[in-house]
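Step one of this worksheet: look at the structure below.
The values are calculated or read from the model by the stated rules, or taken from the named source; none is laboratory data. Nothing here was measured: the structure is a model prediction, and the numbers come from that model. Methodologically, a virtual Cβ is constructed for each residue, glycine included, from the backbone with ideal geometry; neighbour enumeration extends over all protein chains shown. For accessibility, only protein heavy atoms count, side chains too; no ligands or nucleic acids. Shrake-Rupley method; radii C 1.70, N 1.55, O 1.52, S 1.80 Å.
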Amino acid sequence: MSATVLTASALLLDMDGTLVNSDAVVERCWRRWALKHGLDPEAALKVVHGRQGYATMAVLLPDRPVEENYADNRVMLAEETADVDGVVPVDGAPAFMAAIADLPHALVTSADSALATARMTAAALPMPAVRVTAEQVGASKPDPEGFLKGAAELGFGPADCIVFEDSEAGIAAGRAAGMRVVGVGPRAAALSPDAHVEDLTQIRVETAEDGTIRLHISAA
């Protein structure tokens with residue numbers, strides 16, 4: 001089996017679709033919202049992943065006042081935080097998180113702190129000590145702000161970081177931040193990340209004597 005090896009000083013991890021499979025609850029909540037606003041739920045689901053809710057709403061209802069999007073987003077976050085039915089870890093996530101526990105890493109998610117805590121807890125995954133959530137950024141992915149903040153808090157430059165992402169918006173944000181990207185799952189396959197895995201079972205983490213992180217990525 002062939003393998004790709006990527007090296008980095010720090011890892012920046014998206015949550016939904018990357019560490020946690022929350023597709024079931026995301027689809028439930030966004031289908032309800034789309035139908036309420038006379039939109040095709042299937043079309044809506046194509047753009048919801050990776051962005052903060054208000055940013056998705058702005059794409060789907062471009063003529064609506066932004067204040068209404070922020071108000072709807074608050075309701076959506078509360079619904080998603082309360083609904084963890086079907087939220088499970090992505091295959092390989094528990095072992096991957098254990099392997100990087102003592103290495104520089106951060107969670108960079110479009111979820112707010114309450115939602116991130118609810119989903120990581122439901123998936124029985126450890127919450128990284130360093131995290132950048134929705135409250136801490138002024139712009140949603142695909143803007144690179146979140147990844148740049150995560151790298152800065154860890155004390156590394158963009159070129160020294162590798163992003164793990166599943167969505168088009170997230171991969172675009174990682175690239176805009178000047179970072180390499182490992183795409184996780186089916187949504188990432190067509191987006192030309194630097195490396196792609198179906199899930200986190202395909203990644204083996206090794207640490208060099210100088211602290212460099214070596215990611216051994218097996219072919220699917």
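Scanning for something modelled with pLDDT of 95 or more and closer than 28 Å to residue 81 by Cβ, does segment 200-211 turn up at least one residue? Scanning segment 200-211 turns up at least one residue that is modelled with pLDDT of 95 or more and closer than 28 Å to residue 81 by Cβ. Considering segment 157-200, the qualifying strands (runs of 3 or more DSSP E), each wholly inside and each with 1 or more residues that are farther than 15 Å from residue 106 by Cα and either in contact (Cβ under 8 Å) with a residue 60 or more places away in the chain or open to solvent by 10 Å² or more (accessible area, probe 1.4 Å) (or both), run over 180-184, 195-197.
Return yes when residue 213 is under 17 Å from the mean Cα position of the chain (by Cα) and buried (at least 21 other Cβ atoms within 10 Å of the Cβ) and no when it is not. Break it down stepwise before answering.
Values: under 17 Å from the mean Cα position of the chain (by Cα): no; buried (at least 21 other Cβ atoms within 10 Å of the Cβ): yes.
So residue 213 does not fit the description; no.
Quick one: would you say residue 147 is among the aromatic types (Phe, Trp, Tyr), in a helix (DSSP H, G or I) and open to solvent by less than 20 Å² (accessible area, probe 1.4 Å)? Yes, satisfied. Only residues that are of a type in the set (Val, Ile, Thr) and touching a helix residue (DSSP H, G or I) at 6+ places or on another chain (Cβ under 8 Å): list them for segment 135-172, please. Within segment 135-172, 137, 163, 171 qualify.
Within the group 4, 18, 109, which residue is out of contact with any helix residue (DSSP H, G or I) (no Cβ under 6 Å at 6 or more places or on another chain), of a type outside the set (D, E, K, R) and within 20 Å of residue 173 (Cα to Cα)? Step through it out loud before you land on a result.
Values: 4 fails: within 20 Å of residue 173 (Cα to Cα); 109 fails: out of contact with any helix residue (DSSP H, G or I) (no Cβ under 6 Å at 6 or more places or on another chain).
After ruling out the rest, the residue left standing is 18.
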